[in-house]
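The values are calculated or read from the model by the stated rules, or taken from the named source; none is laboratory data. Everything quoted here is computed from the prediction, not taken from an experiment. For neighbour counting, all protein chains shown are included, and Cβ atoms are generated from backbone atoms with ideal geometry for every residue, glycine included.
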């Protein structure tokens with residue numbers, strides 16, 4: 001019984017330290033070692049679990065260029081820029097979308113994509129970026145811009161997906 005009390009005390013001390021940074025999974029390794037010792041001492045299978053791993057935090061991402069509602073002429077090359085961060089790891093990939101179709105990606109800073117609009121039709125286009133961190137969590141940001149044929153025409157466009165109206 002005395003050995004069991006010592007073991008419980010050791011497990012308790014170890015598990016209370018698991019809240020700290022667990023560099024190289026030492027906490028998990030020690031917990032497994034103590035758990036195996038407890039099984040040996042008591043001869044009874046008792047499971048004590050404690051998660052030493054922190055929950056993965058979602059990355060953050062934001063489209064920094066172009067600005068929501070900006071008007072462009074078909075044929076222009078639009079540089080889509082994004083800022084992304086991950087508080088508990090690294091950004092693995094940024095993907096760029098036009099109207100939900102992937103058009104490119106970036107895996108290192110600066111997160112940019114040059115979109116050639118020469119083959120696009122006029123109208124409202126949704127630009128979206130997604131950021132994926134090193135543990136697979138994702139975040140996204142999106143804006144709408146207006147592509148026009150040029151020549152100084154004016155008019156109003158309403159996006160049927162979200163009801164936003166852009167005037168040119």
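The table below gives the values:
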read-out	value
Checking residue 118 against (1) loosely packed, with under 13 Cβ neighbours inside 10 Å; (2) assigned to a strand (DSSP E or B), the condition it does not meet	(2)
Residue within region 146-164 that is within 12 Å of residue 99 (Cβ to Cβ) and modelled with pLDDT of 95 or more present	yes
For residue 75: the one exception among (1) exposed (fewer than 14 other Cβ atoms within 10 Å of the Cβ); (2) modelled with pLDDT of 95 or more; (3) not in a loop (DSSP other than H, G, I, E, B)	(3)
Condition check for residue 104: modelled with pLDDT of 95 or more, more than 16 Å from the chain's Cα centre (by Cα) and outside any strand (DSSP E or B)	no
Subset tally (residues that are more than 17 Å from residue 64 (Cα to Cα) and either out of contact with any strand residue (DSSP E or B) (no Cβ under 7 Å at 6 or more places or on another chain) or in contact (Cβ under 8 Å) with a residue 60 or more places away in the chain (or both)) for region 101-110	1
